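These notes concern the structure reproduced below.
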Amino acid sequence: MFRPPVKQVFLMTAMVNIMSKSGEAYQVRALLDSGSQINLLSESLMKKLNIPKQPANVPVIGVGGAKSHIRHRVVVRMTSSYNNFSAYVDCLVTPKVTGSVPSANVQVDAWNIPPGVILADTSFNKSREVEMLIGAEHFFNILKQGQIKLADNLPTLYETKFGWVVTGSLEETEENSPVCANLAVTDGLEACLQRFFHQEDNTEPDNNTNEQEQFEEHFQRTYRRNKDGRFVVQLPFRETVQQLGSSRSLALKRFLLLEKRLARNPDLMTQYAEFINEYRLLNHCREVREEEDSPGLQTYYLPHHCVLKPFSSSTKLRVVFDATAKTSEFSLNDVLMTGTSSQSDLFSIVLRFRTHVYAFSVDVTKCNDKFSSILPKHVTREYFGDVPHRKS
């Protein structure tokens, strides 16, 4: 039986100098990849360099369409020991850049590499980890014109600003030579599946029945309906509300940081101010004065920040009120009772889509009386509940 020879493919690897925060140069094994739109840096290397990271939210698609989100990025200075080349590289930070390169150790004693050729990676033939990936943004600036073909069945040498790199295929005679597809992912498949099933679990919790009953009783006791037809209810506090602690200093500190951010971006400041003014005009908030507070009154200052979605068709800026901010060992969310969910479970929603010929999916920014009045009554009742209409 004929077995085709297995090919060992060499990727371009080079030893590059990366400058740390203190100015010290670290030699790093980098993979030169013209097919990558991004540059990558391993999380362990970032910690070793002690360089500041910046927040990011970049979806990365790898082999087979596997998708992950990268949360941080860094800018590093890269230099060469081969010449005076230097460049700044914007890298996304990932726990692992890729697998070991090459996939197995290869004997190169008989290759007859020409004397005087300085290899960018003297251990290119040894299977080792890669700490950095340099993508197409810098790849062709690094590549030079020199090229040496060693033999018909051997890889080719290419000159770069880091020295000569080895790339190309080598036919192996061993049947058990491993073949690898390198893929950098930020999470394991098992963990993703666990979170998926946890999220889609539509069973009702039964370990908090007593609190849910207290929550229902609290609603029945405190709710009222104002002149506009809106329901008003008091927050359902637990007994731990007395241990909430002082929140003013934390909220003030975060507000001052927010002001500095807005001052650097006038357009963002305008959008933020428009949201707060609209929030006030809709009577979702009102101004309070500290000097008018009763002595001993327990207060909670709610920090807030903005989330930008430039490509959103409805809301490009969304203000998030952070009720998870802890003032002691508790946050506002921690001292509120949890009732039963008022939304339909996902299984019921999916089934509903199969019972009608047509279905609408909409992004409702503000479900007010004007919006509900344009809907047929059966649609309002079935999908939104009994939405109150303003009396004329």
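Points worth noting:
- For ALA110: the one exception among (1) aliphatic (A, V, I, L, M); (2) within 32 Å of the chain's Cα centre (by Cα); (3) surrounded by fewer than 18 Cβ atoms within 10 Å (Cβ to Cβ): (2)
Listed here are the residues, each with its yes/no results for (1) touching a His at 6+ places or on another chain (Cβ under 8 Å); (2) farther than 30 Å from PRO102 by Cβ; (3) modelled with pLDDT of 90 or more; (4) assigned to a loop (DSSP other than H, G, I, E, B).
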{"residue": "GLU175", "(1), (2), (3), (4)": "no, no, no, yes"}
{"residue": "PRO178", "(1), (2), (3), (4)": "no, no, no, yes"}
{"residue": "ALA181", "(1), (2), (3), (4)": "no, no, no, yes"}
{"residue": "GLU190", "(1), (2), (3), (4)": "no, no, no, no"}
{"residue": "ARG195", "(1), (2), (3), (4)": "no, yes, no, no"}
{"residue": "THR203", "(1), (2), (3), (4)": "no, yes, no, yes"}
{"residue": "GLU211", "(1), (2), (3), (4)": "no, yes, no, no"}
{"residue": "GLN214", "(1), (2), (3), (4)": "no, yes, no, no"}
{"residue": "HIS218", "(1), (2), (3), (4)": "no, yes, no, no"}
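- Within region 123-139, considering residues that are touching a residue at least 12 places away in the same chain (Cβ under 8 Å) and under 14 Å from GLY163 (Cα atoms), the one farthest from the chain's Cα centre (by Cα): PHE124
- Criterion applied to TYR279, TYR272 was being under 25 Å from the mean Cα position of the chain (by Cα), hydroxyl-bearing (Ser, Thr, Tyr), at pLDDT 85 or above and in a helix (DSSP H, G or I), and the one residue passing it is TYR272.
Each row is one residue, and each column tells you yes or no for (1) modelled with pLDDT under 90; (2) outside any loop (DSSP other than H, G, I, E, B); (3) among the aromatic types (Phe, Trp, Tyr).
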site	(1), (2), (3)
ASN84	no, no, no
GLN107	yes, no, no
VAL117	no, no, no
LYS126	no, no, no
LEU133	no, yes, no
ASN141	no, yes, no
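- When residues of region 51-81 are limited to those that are touching a Phe, Trp or Tyr at 6+ places or on another chain (Cβ under 8 Å) and open to solvent by 70 Å² or more (accessible area, probe 1.4 Å), the one farthest from GLU137 (Cα to Cα): SER81
- Flag for ASP363 being within 25 Å of GLU217 (Cα to Cα), open to solvent by 70 Å² or more (accessible area, probe 1.4 Å), in a loop (DSSP other than H, G, I, E, B) and modelled with pLDDT under 70: no
- Only strands (runs of 3 or more DSSP E) whose full extent lies in region 4-54 are considered here, and the ones with at least 1 residues that are under 29 Å from the mean Cα position of the chain (by Cα) and without any contact (Cβ under 8 Å) to a residue 24 or more places away in the chain are 25-32.
- Test: VAL335 is open to solvent by less than 80 Å² (accessible area, probe 1.4 Å), aliphatic (A, V, I, L, M) and touching a His at 6+ places or on another chain (Cβ under 7 Å): no
- Output for region 267-284, where each listed residue is out of contact with any helix residue (DSSP H, G or I) (no Cβ under 8 Å at 6 or more places or on another chain) and not charged (D, E, K, R): THR270, GLN271, ALA273, PHE275, ILE276, ASN277, TYR279, LEU281, LEU282, ASN283, HIS284
- The residues on offer are LYS253, LYS260, and the sole one that is open to solvent by 90 Å² or more (accessible area, probe 1.4 Å) and either outside any helix (DSSP H, G or I) or more than 27 Å from PHE330 (Cβ to Cβ) (or both) is LYS260.
- Filter result for the condition that a residue is polar (S, T, N, Q) and more than 27 Å from SER341 (Cα to Cα), over ASN226, ASN283, ASN277: ASN277
- Residue check for VAL74: touching a residue at least 60 places away in the same chain (Cβ under 8 Å) and either part of a strand (DSSP E or B) or not hydroxyl-bearing (Ser, Thr, Tyr) (or both): no
- Considering the conditions (1) at pLDDT 75 or above; (2) in a loop (DSSP other than H, G, I, E, B); (3) farther than 30 Å from ALA56 by Cα, SER348 is excluded by exactly one of them, (2).
The values are calculated or read from the model by the stated rules, or taken from the named source; none is laboratory data. Remember, predicted model here, so these are calculated numbers, not experimental data. Positions of Cβ are generated from backbone atoms using ideal geometry, with glycine treated the same way; all protein chains shown enter the neighbour counts. Note: accessible area is taken over every heavy atom of the protein model, side chains too, but ligands, DNA and RNA are not part of it. Shrake-Rupley method; radii C 1.70, N 1.55, O 1.52, S 1.80 Å.
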